[in-house]
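**Q** I am attaching a structure below and will ask some questions about it afterwards.
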Protein chains: 2
Amino acid sequence: MAERVEGELLKVVVLVLILVMLGAKTEAMSTTRGHKRSKDESSGSGEGDSMSFCLSWRLAVEANNVVAWPTVPPQCSRYVETYMINGQYERDLDLIVEEILGYLNQTLLPPDSMDAWILDVDDTCISNIYYYKTKNYGCDPYDPSAFRKWAMKGGCPAIPSVLRLFSILVDKGFKVFLLTGRDEESLGEVTKNNLHNQGFIGYERLILRNAAYRGKSAMKYKSDVRKQLEEEGYRIWGNVGDQWSDIKGDYLGNRTFKLPNPMYFVP
Amino acid sequence: MAERVEGELLKVVVLVLILVMLGAKTEAMSTTRGHKRSKDESSGSGEGDSMSFCLSWRLAVEANNVVAWPTVPPQCSRYVETYMINGQYERDLDLIVEEILGYLNQTLLPPDSMDAWILDVDDTCISNIYYYKTKNYGCDPYDPSAFRKWAMKGGCPAIPSVLRLFSILVDKGFKVFLLTGRDEESLGEVTKNNLHNQGFIGYERLILRNAAYRGKSAMKYKSDVRKQLEEEGYRIWGNVGDQWSDIKGDYLGNRTFKLPNPMYFVP
């Protein structure tokens, strides 16, 4: 009788073990599949091909090799989204700001208060990432009226690492000029308020695009403004923007810094 | 008796199942660990922290934000090696060359044979990757005498995508100028032979650094050469190099292209 019970008990144990084992095997297989996908992303096949292309494309954008691109390539939609929201974008910004702080530590300002620093506004001081989320992270075509509506809300959040840089620049005695291609007439007041509500307080001047520069390239407009500042006697120590048109052209300043932006291109 | 045998048999089956199950569980755990490591690489903890930093560092190098770096950061040794030899470097080069070919298709050359294109030599036309492999992919300090010994062998292999570009440029009627910071006196002949044995045939002029420019920055030297070419009447359509000092300064040409190089920095 005892042996019979033992036999039945063993059968139940075997059944349970088989079920547990099947579960473990399934887990192992699904994990292996997950791992394989992640390997493919870096070795270049299927999904990996697209990932490799998007890595190359973004690098070429940031090094100013690929220019005048109207939209993000459609196959890079997920890649750009992941880059922007999963932390690497912030880490890239942090490293550049650390580099700028290292440069600042080597500079000794003359005591005449004519030391200037230039910061772009959109996606340099304040972020449009929530707007671009609705535009498929730059895969959808540029939509000026929708962007104007978004900007008119005055709710662009500060980019934390640049706000930190801004505060240090002000503390160190730099005259910080915020130089933006936004239209002065329609967006001047709301931009000023947006910057203020995000903590950009203590800058020297907010310079917006006036009627004379409507339709002109950002590079031409910004070069002219920098020329004007140098004619006023300012020394431009640094110039930071997310677009190459912010940091190309004339009167660039002693050093320029290109912040990442894989979502749009401004000529 | 039959029940007794059945009982013993079941015990053996249970033992085997337990062993098999333990094996499956171990596999699942090790695969999970493997997967976790790969996830960490993109989310930033442990090994992932270093990977994230190296991604940011390389982007900042290619966008000219981080300058005058003496060596690759030690924690990026493996990362740079993987980037250089696992295919992404070639894919990055391919995409830039495709961009250049797109630009060439939009250009219509005047019939006066004064259309110039400038290519740098080291790590633009021909590769030093085998040399840098012995220098820990740029983590070891710059070693001018070891590099000279390597260059004297004349065995640098062509970079395939740039050789392809070179041939197309020559076919299209561009006067291609190969402009290098290598010393004319000691490396002129061997460099000419190295380029020839790698298929760089049909260029207009190989320009090396002469005694007057020894110790001067590459940016100054190359700007002066380009000025000279423009004074000779050449129109510079494009200018390609792996260093920002190749494509910064004066008389840059209509478009510049920065090829990737995370192994060393030339001022």
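The values are calculated or read from the model by the stated rules, or taken from the named source; none is laboratory data. Source: prediction; values computed, not measured. With ideal geometry, Cβ positions are generated from the backbone for all residues, glycine too; neighbour counts draw on all protein chains shown. With ligands, DNA and RNA removed, areas are computed over all heavy atoms of the protein, side chains included. Shrake-Rupley method; radii C 1.70, N 1.55, O 1.52, S 1.80 Å.
**Q** Whether any residue in the range A:133-149 is touching a residue at least 40 places away in the same chain (Cβ under 8 Å), in contact with a helix residue (DSSP H, G or I) (Cβ under 7 Å, 6 or more places away or on another chain) and either among the acidic types (Asp, Glu) or under 30 Å from residue A:227 (Cβ atoms) (or both) is what I want to check.
**A** For the range A:133-149, residues touching a residue at least 40 places away in the same chain (Cβ under 8 Å), in contact with a helix residue (DSSP H, G or I) (Cβ under 7 Å, 6 or more places away or on another chain) and either among the acidic types (Asp, Glu) or under 30 Å from residue A:227 (Cβ atoms) (or both): absent.
**Q** Of everything in the range B:86-112, what is at pLDDT 95 or above and either in contact with a Phe, Trp or Tyr (Cβ under 9 Å, 6 or more places away or on another chain) or surrounded by 18 or more Cβ atoms within 10 Å (Cβ to Cβ) (or both)? Give them in sequence order.
**A** B:88, B:89, B:91, B:92, B:93, B:95, B:96, B:97, B:99, B:100, B:103, B:104
**Q** Can you name every residue in the range A:167-205 that is without any contact (Cβ under 8 Å) to a residue 40 or more places away in the chain, surrounded by 14 or more Cβ atoms within 10 Å (Cβ to Cβ) and part of a strand (DSSP E or B)?
**A** Answer for the range A:167-205, where residues must be without any contact (Cβ under 8 Å) to a residue 40 or more places away in the chain, surrounded by 14 or more Cβ atoms within 10 Å (Cβ to Cβ) and part of a strand (DSSP E or B): just A:183.
**Q** Further question: Residues being closer than 25 Å to residue A:252 by Cα and in contact with a helix residue (DSSP H, G or I) (Cβ under 6 Å, 6 or more places away or on another chain): count how many of those fall in the range B:206-221. Can you show your working first?
**A** The initial filter retains those residues of the range B:206-221 that are closer than 25 Å to residue A:252 by Cα, namely B:216-221.
Still in the running and in contact with a helix residue (DSSP H, G or I) (Cβ under 6 Å, 6 or more places away or on another chain): B:218-219, B:221.
Number satisfying all stated conditions: 3.
**Q** Report whether or not residue A:140 is open to solvent by 20 Å² or more (accessible area, probe 1.4 Å) and farther than 22 Å from residue A:209 by Cα. So that I can check it myself, show each step before the final result.
**A** Values: open to solvent by 20 Å² or more (accessible area, probe 1.4 Å): yes; farther than 22 Å from residue A:209 by Cα: yes.
Against the criterion (open to solvent by 20 Å² or more (accessible area, probe 1.4 Å) and farther than 22 Å from residue A:209 by Cα), residue A:140 qualifies.
**Q** What tally of residues in the range B:72-116 results from selecting those that are part of a loop (DSSP other than H, G, I, E, B) and within 15 Å of the chain's Cα centre (by Cα)? Walk me through how you get there before you give the answer.
**A** Our first condition is that a residue be part of a loop (DSSP other than H, G, I, E, B); within the range B:72-116, this holds for B:72-73, B:86-87, B:106-114.
Subset that is within 15 Å of the chain's Cα centre (by Cα): B:72, B:86-87.
Adding up the residues that qualify gives 3.
**Q** Residue B:121 passes all but one of (1) open to solvent by 40 Å² or more (accessible area, probe 1.4 Å); (2) in contact with a strand residue (DSSP E or B) (Cβ under 6 Å, 6 or more places away or on another chain); which number fails?
**A** The failed condition is (1).
**Q** Related question: Which residues, taken from the range A:67-82, are within 23 Å of residue A:257 (Cβ to Cβ) and either crowded, with 21+ Cβ neighbours inside 10 Å or away from every other protein chain (no Cβ under 12 Å) (or both)? Quick ask: steps written out before the conclusion?
**A** Of the range A:67-82, the ones within 23 Å of residue A:257 (Cβ to Cβ) are A:67-69, A:72, A:80.
The answer is A:72, A:80.
**Q** What are the residues in the range B:235-246 that are open to solvent by less than 70 Å² (accessible area, probe 1.4 Å) and out of contact with any helix residue (DSSP H, G or I) (no Cβ under 9 Å at 6 or more places or on another chain), if any? Talk me through it step by step, then tell me what you get.
**A** Here is the first cut: in the range B:235-246, the ones open to solvent by less than 70 Å² (accessible area, probe 1.4 Å) are B:236-246.
Listed by number, the list holds a single entry, B:242.
**Q** I'm trying to understand the selection: among the residues of the range A:210-267, which are in a strand (DSSP E or B) and not aromatic (Phe, Trp, Tyr)? If you could, list the steps in order and put the result at the bottom.
**A** Start the filter on the range A:210-267 by keeping residues that are in a strand (DSSP E or B), which leaves A:235-241, A:255-258.
Matches in the range A:210-267: A:235, A:236, A:238, A:239, A:240, A:241, A:255, A:256, A:258.
**Q** So, residue B:127, is that one more than 10 Å from every other protein chain (Cβ to nearest Cβ), open to solvent by 20 Å² or more (accessible area, probe 1.4 Å) and either in contact (Cβ under 8 Å) with a residue 24 or more places away in the chain or under 29 Å from residue A:92 (Cα atoms) (or both) or not? Steps first, please.
**A** Details: more than 10 Å from every other protein chain (Cβ to nearest Cβ): yes; open to solvent by 20 Å² or more (accessible area, probe 1.4 Å): no; either in contact (Cβ under 8 Å) with a residue 24 or more places away in the chain or under 29 Å from residue A:92 (Cα atoms) (or both): yes.
No: the conditions fail for residue B:127.
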